[in-house]
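The values are calculated or read from the model by the stated rules, or taken from the named source; none is laboratory data. Because the structure is a prediction, the values reported are computed rather than measured. In this analysis, Cβ positions are derived from the backbone assuming ideal geometry, glycine residues included, and neighbour counts consider all displayed protein chains. To get the accessible areas, we keep the full protein, side chains included, count just its heavy atoms, and leave off ligands, DNA and RNA. Shrake-Rupley method; radii C 1.70, N 1.55, O 1.52, S 1.80 Å.
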Amino acid sequence: MIKEYSTITEVNGPLIIVNKIVNVKYDELVEIELSDGEKRRGQVLEVSEDKAIVQMFEGTTGIDISNTKVRFLGRVLEIPVSTDMLGRIFDGSGRPIDKGPKIIPEKRLDINGSPLNPYARDYPNDFIQTGISSIDVLNTLVRGQKLPIFSGSGLPHAKVASQIARQAKVLGKEESFSVVFAAMGITFEEANFFITDFRRTGAIEKSVMYINLANDPAIERLITPKMALTTAEYLAFEKDMHVLVILTDMTNYCEALREVSAARKEIPGRRGYPGYLYTDLATLYERAGRIKDKKGSITMVPILSMPEDDKTHPIPDLTGYITEGQIILARELHLKGIYPPINVLPSLSRLKDKGIGKEKTREDHSNVMNQLFASYARGKESKELATILGEAALSEEDKKYVKFSDKFEEIFVQQGEDENRDIEKSLGIGWEALAMLPVNELKRIKDEYIKKYLPKSSKNDDNNEDNDNKNEEDKE
Amino acid sequence: MQQNTGKIVKVSGPVVIAGGLKGAKMYDVVKVSEGKLIGEIIELNEDRATIQVYEETSGIGPGEPVYTTDLPLSVELGPGLIKSIYDGIQRPLDIIFKNEGAFITRGVEAESLNKTKKWDFKPSKKKGEEVSSGDWLGIVQETSIVEHRIMVPIGLQGTIESINEGSFKVTDTIAKIKDKSGKIHDVQMLQKWPVRKMRPYQEKMPPNEPLITGQRVIDTLFTIAKGGTACIPGPFGSGKTVVQHQLSKWCNAEIIVFIGCGERGNEMTDVLLEFPELIDPNSGKPLMERTVLIANTSNMPVAAREASVYTGITIAEYYRDMGYNVALMADSTSRWAEAMREISGRLEEMPGEEGYPAYLGTKIASFYERSGRVKCLSSKEQEATISVIGAVSPPGGDLSEPVTQNTLRTVQVYWSLQDKLAYKRHFPAIDWLKSYSLYLDQLSNFFKDEINKDFINTRIASMSILQEESELEETVRLVGIDALSKIERLTLDTARSIREDFLHQNAFDEIDTYTSMKKQYLMLKLIILFHKKAKKAITEEDISNEQLNQLSVRNKIIRSKFIPEDNLDEFQKIKNEIEKEIESLTSNKVGKDE
């Protein structure tokens, strides 16, 4: 039987303290009833013999000490799951907000999940074609990966994310695919962008959306991504679907975590964030992946906005330590009018090596990728030099690299919002850009690939150098 | 076993406080609630004990029982450790997967060592012989390359009453030993050891041999010794994990203990899939045959993460005691330190820097001090080593943070990873100007005798060229490349060659992934030889930099990293070509002048 208490002794920020309790468990779900009959939910954060600290998801406004009733529900926070959830929109606590019918659950699942045994994991190595050249060629996404987008305020991360959701596919296979979308504290406009975009492209039919807007309770954001991931796990590992999870904006999630931590008077780590921020984020991000003997997979694209575009801020920093790479958006490219403004040099996909090459993408992929990175880095360096010393101070070689890097941004990085380039095309554009450099500068590409893939016209341009090399070889 | 039962009074995340535990000792293992969650006592206050629980505590509340075991947190040692994958408190993850499915549920129990498997034990001692702690009683072939030496348990000394050859389970008695007082002790292959206590040895000695890793920047420039300590701090994306993996793949230790401490699950999967496939260049057998894995990934309980490094180092010490050279990799020690911080915070201890506990430095130092080259506890002369390599993940890449600073104070080798190098895809992204190794002097005899008399000079020459490069680059940045003399431009070209053709190494290329010491020397020698000859040609004959750069042998130097290990004669040919081509330049020039 569920007991009802009216022994709240303290209300402090998002926390309430309940006294004289019996048989309360850590992490237990709590329901309180305000004097006007409104019901809110919370969770036990700490429990000792006679008192419990409870974190309220929907805030503590309007709670009074004497008339509020507290019920401990004897279970942890669970959500009902079912395949009927596809195509539906929920609020941050999992209540439908699209005027559709109630979900009839096939199952109820603990939103905290359980840690995945590392021995049970299957290594992600299926190439996902997103149709975006700078991701497919240089920072390849694979199935089961967690690859965040590091963005800043005002940058088009929403467009990039929805383009990925729209275009992502695995080559040569038709499999059931779905999107789970969790919004935490984003604006109505941004949420609306995703909803309209998903509706426009029909993606909504295969999507489950959880929306917590900027004016919704902040603490609720702590459970929104957990609900989304529990749903994703259900779809992936019980219903054999390939699920893409988009979480936006993780920065708001972390701030909610900081708010609770501050209210509990915990010793803060860097910038006031709690010391367990890493562990907390890891329990979310690590829920992505593949499992041996299961068909489905969870691929995760969390979005976070870097305060002041600062990558060393604890949120992007700790995220980068957990996720398998990052896609970084650059304000500088955005201002130049380049879409998607992906700064390829600091971006990284750690799992790309197993997902590319012969039979996955194309044999020359790895070589081309390394060459593009190295050459673009050199071009950027030369450009920096030119800004200090003037263009005239550059060597002939450096000038070629400067030209290359401009061209690279213009034809390779830049592409349309609805432009879906297949991998052949993306690699082709990469070669087209590389053709601007002298052949003997392409040190990271094997000769056989140069012969096979380098556009013919440019070989003629560099005839002289080619001949020189040949002559010298002949001599031997 | 006598059991003392207490009662939970408070639960806060992984920290539980229990009352009524009279006689409990610090660091004793307890089982919390009916679910029997494993925990460890970390603070005692009269009859109240603070317990860190190694599993998720959700659903636990005051009033539930706590059972004591009167034993400190221990690991089981014996045949069967190699090729295993354990969590932070030595539960076998492969068995848990088979029994419980993909997700780790709470309170799962599984035997650390297989108790039903039989091993062939061959005694090397006979009845009536005198033995003391650490002496080998006999051997078990654990894997195709590891011979597991069963030792007399630590603290036991006496005469062998009986010893049996045959097929035994780890819990079977294989020998009986009579100590001085006449008491007879049964000896099993399975032995237990508390993880927080260092296993004893006779004496520690300074290292005298390098741990060869096949990674050029490490072996040639910043060598780590067998029995040494090294740390790899670097911001995310700078390639810490790839370096750690490369070391555990290729280093010439006989046993590898790899601790994945609070890191990504997929990285452990990578190791699990790759190691059985890869062949160890030293033994010719799959790498997994010499590896023990400890995986407490970031989503697994934080308290077990704290224990994982102790579990790992205790297993390493056990193999060291058998006379093996062991290498232990911990990826990442920062996550271990964070676990300590989290527990410390829950205990409401007064924090030191950045919320880390004040004893952080002591804990880090005493962990690294369990490494070293030692004389083993045994009646015959027996040397063995443990090398410890720890990754550090400084937040924001800021090296002034407490974990990095405390680690640098302890370790002898520092490999500084730079994200700038990683962006240029220069891997391993180890900074050649900031890194250091304090073992170079101790190891100089080895290099002289085993590699080449000229090895040390070649290394010094290359380091000074790299140093000079950084100064010249400063000048170029201020006044442009035209201000440099020909010799200075040559230095820049050579430095670039050292960086791109020698230091840069592709972990994913079949040949480039491992380079023997001999080949490393030959490669570097080519670059330095070219530099010397070119310098001479410039000063004496006024040859231009462009002429030198266009020599076809340049291209051969670039490709020299792809010369297979069984074809090292090729280097002599390239060497001759360098001399010939530069000579032909100068003689042409002389011809024209005349």
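Of the listed requirements (1) in contact (Cβ under 8 Å) with a residue 40 or more places away in the chain; (2) surrounded by fewer than 21 Cβ atoms within 10 Å (Cβ to Cβ); (3) away from chain B (no Cβ under 12 Å), A:Arg264 misses just one: (3). When the test is whether a residue is aliphatic (A, V, I, L, M), surrounded by 23 or more Cβ atoms within 10 Å (Cβ to Cβ) and closer than 27 Å to A:Asp280 by Cα, A:Leu77 passes it. Number of residues in segment B:484-503 that are open to solvent by 30 Å² or more (accessible area, probe 1.4 Å) and within 10 Å of chain A (Cβ to nearest Cβ) equals 1. Yes or no: B:Ile543 surrounded by 14 or more Cβ atoms within 10 Å (Cβ to Cβ), more than 14 Å from chain A (Cβ to nearest Cβ) and of a type in the set (A, V, I, L, M)? Yes, satisfied.
Residues in segment B:265-293 that are open to solvent by less than 10 Å² (accessible area, probe 1.4 Å) and within 17 Å of B:Lys240 (Cβ to Cβ): 4 in all. Residue count for segment B:399-426 under the criterion of being assigned to a loop (DSSP other than H, G, I, E, B), in contact (Cβ under 8 Å) with a residue 12 or more places away in the chain and either within 14 Å of chain A (Cβ to nearest Cβ) or of a type in the set (Phe, Trp, Tyr) (or both): the result is 5. For segment A:23-61, the tally of residues that are away from chain B (no Cβ under 14 Å), hydroxyl-bearing (Ser, Thr, Tyr) and assigned to a strand (DSSP E or B) stands at 0.
Just to be sure before I move on: is B:Leu328 surrounded by fewer than 24 Cβ atoms within 10 Å (Cβ to Cβ) and not β-branched (Val, Ile, Thr) in the structure I sent? No, not satisfied.
Among the residues making up segment A:328-354, those that are outside any loop (DSSP other than H, G, I, E, B) and within 12 Å of chain B (Cβ to nearest Cβ) are A:Ile328, A:Leu348, A:Ser349, A:Lys352, A:Asp353, A:Lys354. Beta carbons closer than 6 Å, at least 6 apart along the sequence or on distinct chains, never pair a first residue in segment A:90-101 that is free of Cβ contacts under 8 Å to residues at least 24 places away in the same chain with a second that is surrounded by fewer than 14 Cβ atoms within 10 Å (Cβ to Cβ) and aliphatic (A, V, I, L, M). Of all positions in segment A:316-324, none carries a residue that is open to solvent by 20 Å² or more (accessible area, probe 1.4 Å) and within 19 Å of A:Leu141 (Cβ to Cβ).
Total residues in segment B:369-398 satisfying the condition of being crowded, with 18+ Cβ neighbours inside 10 Å and either within 14 Å of chain A (Cβ to nearest Cβ) or under 27 Å from A:Gly320 (Cα atoms) (or both): the figure is 10.
Remark: pairs (first residue in segment B:343-357, at the interface with chain A (Cβ under 9 Å from one of its Cβ atoms); second residue part of a helix (DSSP H, G or I); Cβ separation under 6 Å; 6+ apart in sequence or on different chains) = B:Glu354/B:Pro402; B:Gly355/B:Arg341; B:Tyr356/B:Arg341; B:Tyr356/B:Pro402.
Among the residues of segment A:193-206, are any touching a residue at least 24 places away in the same chain (Cβ under 8 Å), within 28 Å of A:Asn139 (Cβ to Cβ), among the acidic types (Asp, Glu) and touching a strand residue (DSSP E or B) at 6+ places or on another chain (Cβ under 9 Å)? No, because not a single residue in segment A:193-206 is touching a residue at least 24 places away in the same chain (Cβ under 8 Å), within 28 Å of A:Asn139 (Cβ to Cβ), among the acidic types (Asp, Glu) and touching a strand residue (DSSP E or B) at 6+ places or on another chain (Cβ under 9 Å). Reported count of residues in segment A:171-197, each being open to solvent by 40 Å² or more (accessible area, probe 1.4 Å) and modelled with pLDDT of 90 or more, is 7.
Only a single criterion out of (1) in a helix (DSSP H, G or I); (2) within 14 Å of another protein chain (Cβ to nearest Cβ); (3) surrounded by 13 or more Cβ atoms within 10 Å (Cβ to Cβ) is not satisfied by B:Glu474, namely (3). Only one entry of B:Thr229, B:Thr213 meets the criterion of being touching a residue at least 60 places away in the same chain (Cβ under 8 Å) and of a type in the set (Ser, Thr, Tyr), and that entry is B:Thr229.
If you go through segment B:427-434 one residue at a time, do you hit one that is under 17 Å from B:Pro394 (Cα atoms) and outside any loop (DSSP other than H, G, I, E, B)? Yes; the residues of segment B:427-434 include at least one that is under 17 Å from B:Pro394 (Cα atoms) and outside any loop (DSSP other than H, G, I, E, B).
Here's the yes/no breakdown for (1) on the phi < 0 side of the Ramachandran plot; (2) hydroxyl-bearing (Ser, Thr, Tyr); (3) in contact with a helix residue (DSSP H, G or I) (Cβ under 9 Å, 6 or more places away or on another chain):
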| site | (1), (2), (3) |
| --- | --- |
| A:Arg199 | yes, no, no |
| A:Ala214 | yes, no, yes |
| A:Asp240 | no, no, no |
| A:Thr248 | yes, yes, yes |
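Scanning segment A:298-306 turns up one or more residues that are open to solvent by 10 Å² or more (accessible area, probe 1.4 Å), more than 23 Å from A:Asp126 (Cα to Cα), away from every other protein chain (no Cβ under 13 Å) and small (Gly, Ala, Ser). Here B:Gly107 passes the criteria (1) open to solvent by 60 Å² or more (accessible area, probe 1.4 Å); (2) part of a loop (DSSP other than H, G, I, E, B); (3) within 14 Å of another protein chain (Cβ to nearest Cβ) except the one numbered (1).
Residues in segment A:67-124 that are outside any loop (DSSP other than H, G, I, E, B) and of a type in the set (Lys, Arg): A:Lys69, A:Arg71, A:Arg88, A:Lys107, A:Arg108, A:Arg121.
Being in contact with a Gly (Cβ under 6 Å, 6 or more places away or on another chain), closer than 22 Å to B:Met340 by Cα and without any contact (Cβ under 8 Å) to a residue 12 or more places away in the chain is true of A:Gly275. Inspection of segment A:143-151 identifies no residue that is within 20 Å of A:Phe177 (Cα to Cα) and assigned to a helix (DSSP H, G or I).
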